[in-house]
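Visitor: Before anything else, here's the structure in question.
The values are calculated or read from the model by the stated rules, or taken from the named source; none is laboratory data. Predicted model only: the values in this text are computed from it and were never measured. No Cβ is skipped: glycine too gets one built from the backbone with ideal geometry, and neighbour counts run over all protein chains shown. Just the protein is used for accessible areas: all its heavy atoms, side chains included, with ligands, DNA and RNA removed. Shrake-Rupley method; radii C 1.70, N 1.55, O 1.52, S 1.80 Å.
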Amino acid sequence: MRRNTGFVIAAVVAAASLVGMIVLIATHVGSGASPSLPFASTQPAPAPFTDFRAARVAVGGQCRNVLVATTDAQRSQGLRDVTNLAPYDGMIFVYAHDTDTHFTMANTKLPLDITWYAADGTPVDRTTMEPCPNGTDATCPEYASKHKYRYALERPAGAAGSGSLGACA
């Protein structure tokens, strides 16, 4: 009888430990914590971009004022329905891990250059995206980097610039 009691206690302790680990993992994964922009501080963006944050980042050594999209909702919205980016030079999409997420220009009015960057800020791919003002994600062309990336920077067509992404001096 003592042997069975010890086995039952050990099984209960093991099961409780397993449940605790699952709760910790689920809480961390489901926390909704947004990835950060490690080389720039962000602040709330003023109207009409109040759903985003803003930052100054260097592209090839030149400081740029950009909107920052870190949540799924912000990345999905992107620059849809935007007709004037002023006072911003573009929008940076930030991911917590390297990704191969595709972009569309659904409901986007402005032609945009997109440059994808590795976690260390080096560019990995670039292209120009054409507006698809009356389309949906399902009907508009998809744009994808040839390589996984951590950041994507959209700027008006012809303004992509070159060089690495990083902190402003």
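Visitor: What does the C-alpha gyration tensor say about the overall shape of the range 62-122? Classify as rounded when a/c is under 1.5, otherwise prolate if a/b is larger than b/c, or oblate.
Guide: Judged from the Cα gyration tensor, the range 62-122 comes out oblate (a/c at least 1.5, b/c at or above a/b).
Visitor: A further question on this structure: If each of Arg56 and Ala159 carries a label point 7 Å out from its Cα toward its Cβ, how far apart are those two points in nm?
Guide: That separation, rounded to one decimal, is 1.7 nm.
Visitor: Search the structure for amide H atoms under 5 Å from the amide H of Asp125, placed 1.01 Å from N in the peptide plane, and list their residues when 5 or more places away or on another chain.
Guide: Amide H neighbours of Asp125: Trp116.
Visitor: Another question, if that's okay. Hey, any idea what % of the range 50-149's accessible area is carbon plus sulfur with a 1.4 Å probe? Each step should come with its number before you reach the end.
Guide: Values: 2240 of 4870 Å².
Carbon-and-sulfur percentage of accessible area, whole number: 46.
Visitor: Compute, for the range 88-169, the length of the dipole vector about the Cα centre, with Cβ point charges of +1 (Lys, Arg) and -1 (Asp, Glu) only. Units Debye, rounded to 20.
Guide: Values: 6 positive and 10 negative charges, 18 e Å.
In debye, rounded to 20, the range 88-169 gives about 80.
Visitor: May I pose another question? Please state, to two decimals, what the Cα-based radius of gyration of the range 31-82 comes to when divided by 2.2 N^0.38 Å (N = residues).
Guide: Working: Rg = 11.5 Å, N = 52, 2.2 N^0.38 = 9.9 Å.
Normalised Cα radius of gyration, the range 31-82: 1.17.
Visitor: Quantify how much of the Cα-Cα distance distribution of the range 108-169 extends past 17 Å, in percent. Don't jump to the answer; show the numbers that get you there.
Guide: Values: 824 of 1891 pairs.
Considering the range 108-169, 44 percent of its Cα-Cα pairs are separated by more than 17 Å.
Visitor: May I pose another question? Between Ala47 and Glu130, take the C-beta separation as r, use R0 = 35 Å, and let me know the FRET efficiency to the nearest 0.05.
Guide: Numbers: r = 28 Å, r/R0 = 0.80.
Calculated transfer efficiency: 0.80.
Visitor: Working out 0.36 nm times the residue gap between His97 and Ala167, then minus their Cα-Cα distance, what length gain in nm do you get to one decimal? Intermediate results must be reported in sequence, preceding the final value.
Guide: Details: separation 70, 0.36 × 70 = 25.20 nm, distance 1.94 nm.
Using 0.36 nm per residue and subtracting the Cα-Cα distance, I get 23.3 nm.
Visitor: Restricting attention to the alpha-carbon atoms of the range 66-169, what are Rg (one decimal) and Dmax (integer), both in Å?
Guide: Radius of gyration, then largest Cα-Cα span, for the range 66-169: 12.7, 42 Å.
Visitor: Take peptides 88-95, 115-122, 44-51 and line them up by average Cβ neighbours within 10 Å, highest first, as a rough protection proxy. Before the final figure, lay out the partial values.
Guide: On the way: 88-95: 22.1, 115-122: 17.6, 44-51: 11.8.
Peptide ranking by packing, descending: 88-95, 115-122, 44-51.
Visitor: Taking the highest mean first, how do the peptides 78-84, 135-141, 56-62 order by number of other beta carbon atoms within 10 angstrom per residue?
Guide: Working: 78-84: 15.1, 135-141: 13.0, 56-62: 17.1.
Highest to lowest by the protection proxy: 56-62, 78-84, 135-141.
Visitor: Now, a different point. So if R0 is 30 Å, what FRET efficiency would Ala144 and Cys63 give, r being the distance between their Cβ atoms, rounded to the nearest 0.05? Could you put the intermediate results ahead of the total?
Guide: Details: r = 28 Å, r/R0 = 0.94.
Step by step, r from the Cβ atoms, then E = 0.60.
Visitor: When Lys and Arg each count +1 and Asp and Glu each count -1, what net charge do the other residues less than 12 Å away from Phe39, Cβ to Cβ, add up to?
Guide: Working: positive: Arg56, Arg150; negative: Asp120.
In short, +1.
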